[in-house]
Amino acid sequence: MNVTPDVEKAHKIAWMARSQAHAPYSKFQVGAALKLAGVEDAVPGCNVENASYGATICAERTAVCTAVSFFGQIKPEFLVIVTGEKNATVPCGVCLQVLAEFCGDEMPVYLGNDTGIIAQKKFKDFLPKAFRVFEVNK
Ligand code: THU
């Protein structure tokens, strides 16, 4: 899929993050890259599994928590998610709720694999009626 250089760069960051995934149980490695307004490089995230399976953290949530830890009040511009699958993998429900805290309904979400970006969606395609208390920074 044809994407901007910014998205291409974020795809590389997400793919690199995926290689750091700690996924000895599922063997399903996921990478994410959250591009923020005013920050050049997208913030990476990978899934970090745990022997107590429920304590596993997904790649998207790792990226959000890392971004907030580094930058505080974040303004996400777009998100890239990559897996080793042929078909696009969508974010899980828990990650969608965490993303909803910071990401607007129109935020582009790019899904990809080793070949590059294979699908482009909007956040609201996955969670059309997000529960929020605060309005998201735009
Ligand atoms: N996973 C993610 O990192 N992101 C998602 O949106 C879906 C699932 C991870 C969690 C677990 O480590 C593995 O993929 C299999 O579910």
Restrict the check to region 88-103 and report whether at least one residue is closer than 21 Å to Met16 by Cβ, of a type in the set (S, T, N, Q), modelled with pLDDT of 95 or more and within 8 Å of the ligand (Cβ to nearest atom).
-> no
For region 62-75, name all the residues that are open to solvent by less than 50 Å² (accessible area, probe 1.4 Å), within 16 Å of the ligand (Cβ to nearest atom) and either of a type in the set (Lys, Arg) or out of contact with any Gly (no Cβ under 7 Å at 6 or more places or on another chain) (or both).
-> Val64, Ala67
With respect to the numbered conditions (1) under 23 Å from Asp6 (Cβ atoms); (2) surrounded by fewer than 18 Cβ atoms within 10 Å (Cβ to Cβ); (3) touching a strand residue (DSSP E or B) at 6+ places or on another chain (Cβ under 6 Å), which one is the sole condition not fulfilled by His22?
-> (1)
Applying the selection to region 29-61, what residues are more than 14 Å from Val98 (Cα to Cα), surrounded by fewer than 24 Cβ atoms within 10 Å (Cβ to Cβ) and of a type in the set (A, V, I, L, M)?
-> Leu36, Ala37, Val39, Val48, Ala51, Ala55
Pro108: under 24 Å from Met1 (Cβ atoms) and either surrounded by 15 or more Cβ atoms within 10 Å (Cβ to Cβ) or within 10 Å of the ligand (Cβ to nearest atom) (or both), yes or no?
-> yes
Considering region 18-36 alone, what residues qualify as being within 23 Å of Gly104 (Cβ to Cβ) and either β-branched (Val, Ile, Thr) or assigned to a helix (DSSP H, G or I) (or both)?
-> Val30
Within region 17-44, work out how many residues are more than 8 Å from the ligand (Cβ to nearest atom) and within 20 Å of Glu77 (Cα to Cα).
-> 14
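The values are calculated or read from the model by the stated rules, or taken from the named source; none is laboratory data. Computed from a predicted model, the values in this text were never measured in an experiment. Every residue, glycine as well, gets a Cβ built from its backbone with ideal geometry; the counts of neighbours run over all protein chains shown. For the accessible areas, the whole protein counts, side chains as well, though only heavy atoms, and no ligand, DNA or RNA atoms are used. Shrake-Rupley method; radii C 1.70, N 1.55, O 1.52, S 1.80 Å.
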